[in-house]
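Reading through the C-alpha cells given below for one structure.
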Amino acid sequence: MSEKMVTLIITRQDSPESSPYQEEFKVPYRPGMNVISALMEIRRNPVNAKGEKTTPVQWEMSCLEEVCGACSMVINGKAMQSCTALVDKLEQPIRLEPMSTFPVVRDLIVDRSRMFDAMKRIKAWIPIDGTYDLGPGPRMPERQRQWAYELSKCMTCGVCLEACPNVNDRSDFIGPFAISLVRLYNTHPTGAMHKEERLQALMGEGGIEDCGNSQNCVQACPKGIPLTTSIASMNRATTIQMFKDFFGSDKL
Amino acid sequence: MTATRDFASRRLHSLLGVIPLGVFLFQHLTVNYLATRGPDVFNKAANFISNLPYLYVLEWLIIYIPLLFHGIYGVYIAFQAKNNVTRYGFFRNVMFMLQRVSGIIALIFLAWHIWQTRVQVMFGQTVNYDMMHNILSNPGWMTFYIIGVIAVIFHFSNGLWSFCVSFGITVTPRSQQALTYVTLIVFLALTYIGMRALFAFV
C-alpha cells in the first residue's frame with residue numbers, strides 16, 4: 001500500500017486563554033484537494049501523525065468559493081483563504097496557523113469583530129430609511145457602478161489586516177479594508193450624502209493616519225482590490241476635509 | 001478631541017519632514033559642499049551663517065522645534081509597527097522598515113552631531129573647516145558620519161515619497177511608481193553631495 005499522504009503542521013489552541021501548540025497530521029492525498037478538504041479529512045479521522053487520537057481541528061468556512069472570507073488563515077506564512085489554497089500548489093509540510101492579528105477563539109478560528117467595529121465606526125452603509133417613502137435615490141452612472149463594483153468585492157476576510165505591519169496590539173488601526181470601504185460608500189450617490197461623517201471617522205483615532213504605506217495590503221488582498229489607491233484617494237479627501245473643517249466652508 | 005489631534009499631528013509630522021527639515025537638509029548639504037572648493041570658501045559661508053541676524057529664532061523655528069517634534073513623534077511611530085519583511089518581502093514593505101530604521105539612526109546621529117558642533121560653540125569653539133577636519137580625520141567618526149548622513153538622506157528621500165502619498169498628491173499606482181524613481185534620484189544626488197562634502201574635510 002503506497003498511498004500518497006499530505007503532511008500538515010497545524011498551530012492549535014484549545015481556548016482563547018490557553019497557549020498554542022503544534023500538531024502534525026498526515027491525510028491521504030486526493031487529486032485537486034484544497035486545505036479545507038484536508039481539514040475535513042482530519043475531522044473525519046482525528047488522529048495525529050504519531051497515531052494518537054486527538055480532538056478534530058476547528059476552523060471556519062461558509063461559501064467555499066472565496067466570496068465570504070470566513071476561512072482565512074495563515075498558510076505557509078501567508079494569510080489567504082483555505083478554500084482556494086490548493087494542496088498541489090503548496091509546499092509540504094503545509095503549515096496552518098490562525099491569523100495573528102485577531103484573538104484566537106479555538107485552533108484556526110479567530111474573532112474578527114474588530115473589523116465589524118471598524119465598519120460601524122466608518123458608517124459602512126447607505127442610509128435609506130426615513131419616516132416616509134423617500135422615493136428613488138439619484139442614478140449612478142454605469143461606468144461608475146462598474147468601477148465601484150471592484151471595491152465592493154471586499155469580503156472582510158482580514159487578510160489585509162494580517163499583512164499590515166501597523167495593525168497589531170500596539171495600535172488600534174482600523175485597517176486598509178475600512179479605508180477602501182469609505183471610498184466605496186462615498187462614491188455611491190446616496191452614500192455621498194454622508195461623506196463628511198465617514199471622512200471625519202477616518203480622521204479619528206486609529207484612522208487613516210495609522211497607515212504607514214508599507215503597501216502589503218494591496219499585494220495580499222485575495223480580491224485584487226486597489227487598497228493603496230483607495231488609501232491615497234482618501235488621504236486626499238481627508239486633506240481637503242481638514243482644510244474645510246479648520247478654515248470653514250459652506251456645508252454643501 | 002484627541003482623535004482629530006492624532007490626525008493633525010501625524011500630518012504635521014509628515015509635513016515638517018519636508019518643510020522645513022528637508023529644505024534645511026538641502027541647504028546644509030549645499031553649504032558643506034563648498035568645502036570642496038577649499039577651506040576658505042567653506043569658512044566664509046559658515047561665518048556668514050553664524051552671523052545671521054536673530055539666529056536663535058531661525059534655528060529654533062526652522063530646525064530644533066520641528067526636529068524635536070518629528071524625532072520624538074517618529075520614535076513613537078517606529079515602535080508602533082510590527083515589521084513583517086520576512087513574511088511579506090515586497091519592495092514597499094522593505095522601504096517601510098528601512099524608513100523606521102533610518103529614522104532611529106538619523107535621530108542618534110543628529111543628536112550627537114548637534115552636540116559635537118553647534119553645542120560646542122557655546123563652550124567657546126567656532127564651527128569652521130578645522131573643527132570638521134579634526135572630527136573627520138578620525139576614521140571612527142568618519143564612518144559614523146558616513147552612516148549618519150546616508151541614513152538622513154535616505155529618510156528624507158523615502159519620506160518625500162510617503163509625504164506625497166499621505167497628503168494624497170500621488171493617488172494612482174503609476175504616479176506612485178514614478179515618484180519612487182524621482183525619490184531615488186533625489187537620494188542618489190544628495191548622497192553624492194553629502195559624501196563629497198564629507199571627504200572634502202579630510
With +1 on the Cβ of every Lys and Arg and -1 on the Cβ of every Asp and Glu, and nothing else charged, how large is the dipole of the range A:11-156 about its Cα centre, in debye rounded to the nearest 20?
200
What do you get for the angle between helix B:21-33 and the principal long axis of chain B? Use alpha-carbon atoms, 0 to 90 degrees, nearest ten.
40
The rounded separation in angstrom of the Cα centers of the range A:96-118 and the range A:150-187 is 14
Pull out the extension gain between B:Arg174 and B:Leu98, defined as 0.36 nm times the separation in residues minus the alpha carbon to alpha carbon distance; nm, one decimal.
25.1 nm
Write out the cysteines belonging to chain A for which the nearest other cysteine Cβ is not under 4.7 Å, or none if no such cysteine exists.
A:Cys71, A:Cys83, A:Cys154, A:Cys157, A:Cys164, A:Cys211, A:Cys221
Cα shape, the range B:22-65, gyration tensor, a/c 1.5 rule
oblate
Arrange the following residues from fewest to most other Cβ atoms within 10 Å of their Cβ: A:Cys68, A:Cys154, A:Cys63.
A:Cys63, A:Cys68, A:Cys154
For the protein assembly as shown, the charge dipole (Cβ of Lys, Arg +1; Cβ of Asp, Glu -1; about the Cα centre) points to a positive end, and the Cα of A:Phe116, B:Tyr181, B:Gly140 closest to that extreme belongs to B:Tyr181
Mind checking which lysines have their Cα closer than 19 Å to the Cα of A:Lys78? Skip sequence neighbours fewer than 8 apart in that chain.
A:Lys89, A:Lys223, B:Lys82
Helix A:227-247: angle to the longest alpha-carbon principal axis of chain A, degrees 0 to 90, nearest 10?
30
What are the ³J(HN,Hα) values, in whole Hz, obtained from phi via the Karplus relation 6.51 cos²θ - 1.76 cosθ + 1.60 with θ = phi - 60°, for each residue of the range B:37-51 in sequence order, with x given for Gly and Pro?
9, x, x, 5, 4, 5, 4, 4, 5, 4, 5, 4, 5, 5, 9
Out of all DSSP beta bridges in chain A, what portion is antiparallel? Express it as a percent rounded to 5.
85
Residue separation between A:Asp172 and A:Arg30 times 0.36 nm, minus their alpha-carbon distance, gives in nm 46.9 nm
Among A:Ser82, A:Ser72, which comes first, second and so on when ranked by fewest other beta-carbon atoms within 10 Å?
A:Ser82, A:Ser72
Calculated FRET value between B:Ile65 and B:Val121, using beta carbons and R₀ = 22 Å, to 0.05:
0.70
Taking the simple approach of a point 7 Å from Cα along Cα-to-Cβ for both A:Ser62 and B:Phe26, what is their distance in nm?
5.2
Please identify which residues in the range A:102-138 have an amide N closer than 17 Å to a label point set 7 Å out from the Cα of A:Thr55, following the Cα→Cβ vector.
A:104-111
R0 = 30 Å: FRET efficiency of A:Lys153 with B:Gln80, Cβ-based, nearest 0.05?
0.55
Fewest first, what order do A:Val87, B:Val18 take by the number of other Cβ atoms within 10 Å?
B:Val18, A:Val87
With springs only between Cα atoms under 10 Å, which of B:Ala46, B:Ala178, B:Ala106 fluctuates most in a Gaussian network model of chain B?
B:Ala178
Taking chain B and counting helices only, DSSP H stretches of n ≥ 4 at -39,500 (n - 2.57) each over all residues, the nearest-500 ellipticity at 222 nm comes to -25000 deg cm²/dmol
Checking the a/c ratio against 1.5 first, then a/b against b/c, what shape does the Cα gyration tensor give for the protein assembly as shown?
oblate
Provide the FRET efficiency to the nearest 0.05 for the A:Trp125-A:Val47 pair, computing r from the beta carbons and using R0 = 45 Å.
0.45
Using the Karplus equation 6.51 cos²θ - 1.76 cosθ + 1.60 (θ = phi - 60°), what ³J(HN,Hα) coupling, rounded to whole Hz, does each residue of the range B:186-197 give in order, writing x for Gly and Pro?
4, 4, 5, 5, 5, 5, 4, 4, x, 5, 4, 5
GNM top mover of B:Met132, B:Met97, B:Met122 - chain B, alpha-carbon springs below 10 Å:
B:Met122
Rounded Å value of the spacing that divides the Cα centres of the range B:37-79 and the range A:2-75
59
For the range A:130-135, Karplus-derived ³J(HN,Hα) couplings (6.51, -1.76, 1.60; θ = phi - 60°; whole Hz; x for glycine and proline) come out as x, 7, 9, 5, 7, x
Average beta-carbon neighbours from other chains, 10 Å sphere, peptide B:159-169
4
Select from A:Asp111, A:Asp129, A:Asp88 the residue whose mean-square fluctuation is largest in a Gaussian network model of chain A (Cα-Cα springs shorter than 10 Å).
A:Asp129
With +1 on each Lys and Arg Cβ and -1 on each Asp and Glu Cβ, how big is the dipole of the protein assembly as shown about its Cα centre, in debye rounded to the nearest 20?
680
Pull out a ≥ b ≥ c, the square roots of the eigenvalues of the alpha-carbon gyration tensor of the range B:53-202, then state rounded if a/c is under 1.5, prolate if not and a/b is larger than b/c, and oblate in the remaining case.
prolate
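Any read-out appearing in this document is the output of simple, stated calculations on the displayed coordinates, not a laboratory observation. Note that the structure is predicted; figures quoted are calculated from it, not measured. Methodologically, a virtual Cβ is constructed for each residue, glycine included, from the backbone with ideal geometry; neighbour enumeration extends over all protein chains shown.
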